[in-house]
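Here the structure is laid out as structure tokens; the discussion comes afterwards.
Laboratory data are not the source of any read-out in this text; all were calculated from the coordinates shown. Only a predicted model underlies this, so the values are computations on that prediction, with no experimental measurement involved. Cβ coordinates were reconstructed from backbone atoms using ideal geometry, including for glycine residues, and neighbour counts include every protein chain displayed.
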Amino acid sequence: MKREYQKLFDQVQAPQRLREEVLQMTKQKQTARPRWLPKAMLAAVLIFVILAGTAIAAVGMPGTLRDWFSREWETLSGAPMTEEQLAFVDALTQPVGKSNTQNGVEVTVDSVTVGNSTMWMLLKVRGDYPVVGETGEEYLYHFSGMDLLFDPDPDQVNTPGGYGMDVPYVAVAEEGVLTMMIRFTIDLAGQSSLLDGSREVTLLLNNLMYSDRVLLEGGWTVTFPLEVNGERTVKTLEEIQVPAMDLDTRETKTVTLYDVEISPTDITYVCSAEDQMWHPMACSLELSDGTVVGDSGGASRFRDEAYTQWSSVYYWQVPVDLEQVTAVWFGKTQIPLT
Amino acid sequence: MTEQEFNQAAQRYLDMVYRIALNALRRPADAEDAAQTVMLRLWQTQEAFEGEDHLRHWLVRVTVNVCRDLTRSAWYRRIVPLEHCPEPTFSAPEEGRLYDAVMALPGKYRLPLYLYYYEGYGAAEVGELLGVKTSTIQTRLARGREKLKKLLEEA
């Protein structure tokens, strides 16, 4: 049996692409932390975009962050975004307009919307790249690698994990401009915020892809300033009891979350290391007009190097004015916030 | 670690790291992510390795921990699998069927079996690497072997 088992796994080898990526690691800055888009995360994003495809066709193709958030809002509330909500999104959004050109293709960071732990970046890709695929399958465009660096780095925690990048939206305009939304979120463990001060942001992109096909080899580096005024609006809850589930066994129980911080863009909280397998039920915000804004994804890590506090961040589907929030929900448990 | 030492280590151990991750996580896409993380940690580590055994043991331990962190992460729990990284291929169709059957074993059997049968660790070492009592590993190995034997007979 041992021999057959060994013979079987003798044939299981790391893919050549992975081998090449690993051997390239030494060429990168040793201090840079990897934030390459995990392939499984990309898969989740692809599904999200497939499901959202109908909405894209129905309300047109967003070309700005404002348009995109408006579309998201209409999808979740059934009504157009109010002027107040539009103004709130505008206040978090800033134009960038910085570009990098490689092999005849220009990648521009058009604008960004930034909050406590989450940043949405709108990219425009122009130039000499082949437009392929069918209409409605634009979500298959992506970059083989994505990385985001901040200077100064807001991350004060030395534990692994706690960040994520995904691509919730891709479209090709009639003039052949590829419009791509990149969303970044990081669990800063309550110790800092992306809004703490102005920073220099560097977005690194590798190889433009369509599905698993390389459309254009290259590495694009776009550096841009992130200007913030240092104001940070959060609602805090010291300790709450919420329903949670062990996703392996589907058992449920109540867990305690500590240091809950609800910001216009995301929620962070901590539970004990013993409870980390208990996943709090889906979290959402209830607004005064009855609209419910859910969480849409996030990341987790240990907040301390002793690995005792399991910390999580989840970003909202759209930024929310906290003055309009009346309650936070975990599954069917309501926690009033007024 | 110098660039040359890293490249040599990557050439020697990347397959091992990938196989362990595949046994721990099941999905090739996740295994690739985990393997990439492990190799980056190797490149960034300040650890002074005393020899090949030390390096190999360090890589196994870090791979197990990285896979454990990944399965605990909120992202991993929420994602819907959409396999778009290719599964391993085999020279004979029956080996492919056997591989599918082995990977369908519960995770608590897969990784101990791999470390024991392929990497040659003893039950106590497997227990230490996985943070599980030796007696528990022995039970899992016995049950895993039993299930594997049936699979091999059927294949």
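In this rough spin-label picture, where each label sits 7 Å from Cα along the Cβ direction, the A:Asn158-A:Glu4 distance is 4.9 nm. Panel order for B:Tyr13, B:Tyr118, by other beta carbons found within 10 Å of each beta carbon, from fewest to most: B:Tyr118, B:Tyr13. Taking 7 Å steps out from each Cα toward its Cβ at B:Ser91 and B:Thr136 produces label points 3.9 nm apart.
Between A:Ser272 and A:Thr326, what length in nm is gained on full extension when 0.36 nm per residue of separation is reduced by their alpha carbon distance? Display every interim value, and only then the final one.
Working: separation 54, 0.36 × 54 = 19.44 nm, distance 2.72 nm.
Stretched fully, the A:Ser272-A:Thr326 segment lengthens by 16.7 nm.
Restriction of the GluC sites (Glu not before Pro) in the range B:7-59 to DSSP coil positions whose beta-carbon has at most 10 other beta-carbons within 10 angstrom yields B:Glu50.
Could you compute the FRET efficiency for A:Asp151 and A:Ala91, with r as their C-beta to C-beta distance and R0 at 25 Å, rounded to 0.05? Please list the in-between numbers first.
On the way: r = 24 Å, r/R0 = 0.98.
Efficiency computed from Cβ-Cβ geometry: 0.55.
Would you mind calculating the gained length between A:Leu237 and A:Leu140 on full extension (0.36 nm times residue separation, minus the Cα-Cα distance), in nm to one decimal? Numbers along the way, then the final one.
On the way: separation 97, 0.36 × 97 = 34.92 nm, distance 4.05 nm.
Extra length from A:Leu237 to A:Leu140 when fully extended: 30.9 nm.
For B:Ala101, put the label point 7 Å out on the Cα→Cβ axis and report which residues of the range B:136-155 keep their amide N under 15 Å from it. Once the point is set 7 Å along Cα→Cβ of B:Ala101, B:144-155 turn out to lie under 15 Å by backbone N, inside the range B:136-155. Whole-percent P(r), the protein assembly as shown, all Cα pairs, 20 Å bins from 0: 22, 54, 23, 1. Once C-alpha pairs closer than 8 Å and six or more residues apart are averaged by separation and normalised to the residue number of the range A:235-333, the relative contact order reads 29 percent.
Across the alpha-carbon atoms of the range B:89-155, the computed radius of gyration and Dmax are 12.5, 37 angstrom. Cross-linked pairs A:Lys98/A:Lys235; A:Lys235/A:Lys332; A:Lys253/B:Lys133; A:Lys332/B:Lys108; B:Lys108/B:Lys147; A:Lys2/B:Lys147: Cα-Cα separations exceed 24 Å for A:Lys98/A:Lys235; A:Lys253/B:Lys133; A:Lys332/B:Lys108.
Ranking A:Arg17, B:Arg27, A:Arg126 by Cβ neighbours within 10 Å, fewest first, what do you get? Write down the numbers at each step before the final one.
Details: A:Arg17 12, B:Arg27 21, A:Arg126 17.
If I rank by nearby Cβ atoms, fewest first, I get A:Arg17, A:Arg126, B:Arg27.
Pairs of Cα atoms under 8 Å, at least six residues apart: use those to get the relative contact order of chain A, whole percent.
On the way: 687 pairs, mean separation 51.0, N = 338.
Dividing the mean separation by the residue count of chain A yields 15 percent.
Between A:His279 and A:Met245, A:Asp246, A:Leu247, the built amide H atoms are under 5 Å apart, and every one of these is 5 or more places off in sequence or on another chain. Just to confirm my numbers, what's the Cα centroid distance between the range B:105-155 and the range A:238-287 in Å? So the two Cα centres are separated by 34 Å. For GluC sites (Glu not before Pro), the sites in the range A:149-202 that DSSP calls loop and that have at most 15 other Cβ atoms within 10 Å are A:Glu174, A:Glu175. In this simple spin-label model, placing a label point 7 Å from the Cα along the Cα-to-Cβ direction at both A:Glu83 and B:Arg61 gives a separation of 6.4 nm. Whole-percent P(r), chain B, all Cα pairs, 10 Å bins from 0: 10, 37, 36, 16, 1. Exposure proxy ranking for A:Thr268, B:Thr134, based on other Cβ atoms within 10 angstrom of each Cβ and starting from the fewest, stands as B:Thr134, A:Thr268.
Pull out a ≥ b ≥ c, the square roots of the eigenvalues of the alpha-carbon gyration tensor of the range A:223-334, then state rounded if a/c is under 1.5, prolate if not and a/b is larger than b/c, and oblate in the remaining case. Spell out each step's value before the answer.
Values: a/c = 1.95, a/b = 1.26, b/c = 1.55.
Oblate.
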